[in-house]
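> Handing you this structure, nothing more for now.
The values are calculated or read from the model by the stated rules, or taken from the named source; none is laboratory data. Quick caveat: nothing in here was measured; it's all calculated off a predicted structure. Neighbour counts are summed over all protein chains in view; Cβ atoms, including those assigned to glycine, are modelled from backbone coordinates with ideal geometry. Ligands, DNA and RNA are excluded from the accessible area calculation, which covers all protein heavy atoms including side chains. Shrake-Rupley method; radii C 1.70, N 1.55, O 1.52, S 1.80 Å.
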Amino acid sequence: MTTQPWPVQRRTSWLVTAVLLGSAGAGGLVLGVAAVSTDGVGILLVGSPLLIVAGALVYLSRARRQGTGGLAVREVAELAERGVVLPYSAALGWGYVVAGVYCLLFFGLIAVGGLAAGGGGGVALLVAALLVCGYLLWCVIDLARGRLQTGLVALTPSGIYHRSWAMRSYLPWNDVVEVVPADVRGPLVQVIAAANTTGWVRRTSSAWRQGELAFAPHLAVQGRFLAADPALLYRAVRFYLENPAARAELGNDAALTRFAGL
């Protein structure tokens, strides 16, 4: 099966953006170190790494090439069933964590400085920094409690399970009507559910704005977050939707051989 659900992704502009952000951040660090005794250099030294992190996130989410990495047959704990798992990119997940922690440090320093100055440095900036720190601390707590996690998609003999950053959803094969490729800030795999579906969608954290919730009760996967090529997920869902007799193999390694030929 060689179906190409999306046009070839043009990554050059995103790659250039990532390089420019990273270069600007690195340049800021160099300038900051060279002018360490200059007034205001602290903000330059602390803020420049944010540009490097932003460049890394742009690359990982927009310019990274996706193949078949990470595919495995393993237990899906919430379903107590084995299936083929297509994980989200671990590097991208860690990138978000690093970005969040560094932003917490950055705005925390601004808040501490503002409090030390008694608000003399600008009340609006102090309030904004405290609000950002509060939100980021909320995210850190949800991350520690497992409410925010790097996601995965699992195809099992009984259905399709999706664990995104802040939600979980499940759709039985018997309730799948069709699989539709879409483009929503990048490739999106949308699995259409029957009107009377027994599938479910559960939000795990209110801290993170989860865009896929808008598609419920349908199941939607943002392809740019996956470690593997989203076209592989689309073709696999389409194959097992059209070939119900083959779904039993999703619980064993025979499915990996099937995926290799899709």
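> Say the dipole of the chain comes from +1 at the beta carbon of Lys and Arg and -1 at that of Asp and Glu; which of V176, Q190, L143 then lies farthest toward its positive end?
Q190
> Here is a follow-up. Which value, in debye to the nearest 20, describes the size of the charge dipole of the stretch 147-250 about its Cα centre when Lys and Arg Cβ atoms bear +1, Asp and Glu Cβ atoms bear -1, and nothing else is charged? Please report the intermediate quantities before stating the final value.
Values: 11 positive and 7 negative charges, 97 e Å.
In total the dipole reaches around 460 debye.
> Would you mind working out the magnitude of the charge dipole of the chain relative to its Cα centre, with +1 at each Lys and Arg C-beta and -1 at each Asp and Glu C-beta, to the nearest 20 Debye? Before the final figure, lay out each step's value.
Details: 20 positive and 13 negative charges, 35 e Å.
Charge dipole of the chain: 160 debye, to the nearest 20.
> Also, I was wondering about something else. For the stretch 89-148, what number results from the quotient of the Cα radius of gyration and 2.2 N^0.38 Å? Present the calculation step by step, with values, prior to reporting the outcome.
On the way: Rg = 13.5 Å, N = 60, 2.2 N^0.38 = 10.4 Å.
Rg over 2.2 N^0.38 Å, computed on Cα atoms: 1.29.
> Tell me whether the stretch 45-148 comes out rounded, prolate or oblate; compute the Cα gyration tensor, take square roots of the eigenvalues as a ≥ b ≥ c, and use a/c under 1.5 as the rounded threshold.
Working: a/c = 4.90, a/b = 2.04, b/c = 2.41.
Oblate.
> For A72, which sequence-distant residues (separation of 5 or more, or a different chain) have an amide H within less than 5 Å of its own amide H, given hydrogens modelled in the peptide plane?
Close amide H contacts, sequence-distant or interchain: V85.
> Also: For the stretch 165-173, what does the Karplus curve 6.51 cos²θ - 1.76 cosθ + 1.60, with θ = phi - 60°, yield as ³J(HN,Hα) per residue in whole Hz, taken in order and with x for Gly and Pro?
4, 9, 7, 10, 8, 8, 9, x, 4
> Accessible area, 1.4 Å probe, largest first: how do V19, V84 sort? Mind showing how you got there, number by number?
Numbers: V19 85, V84 0 Å².
Result, largest first: V19, V84.
> Which cross-chain or sequence-distant (5 or more) residues have an amide H under 5 Å from the amide H of R82, H modelled 1.01 Å from N in plane?
Residues meeting the amide H criterion: V76.
> Right, next: Using a probe radius of 1.4 Å on heavy atoms only, what accessible surface per residue do you get for the stretch 54-173? Whole Å² is fine.
Details: 5500 Å² over 120 residues.
With the other protein chains kept in place, the stretch 54-173 gives 46 Å² per residue.
> Let me ask you something else. In whole Hz and in residue order, list the ³J(HN,Hα) couplings for the stretch 81-90 that follow from phi through the Karplus curve 6.51 cos²θ - 1.76 cosθ + 1.60, θ = phi - 60°; x for Gly and Pro.
8, 7, x, 7, 9, 10, x, 5, 5, 5
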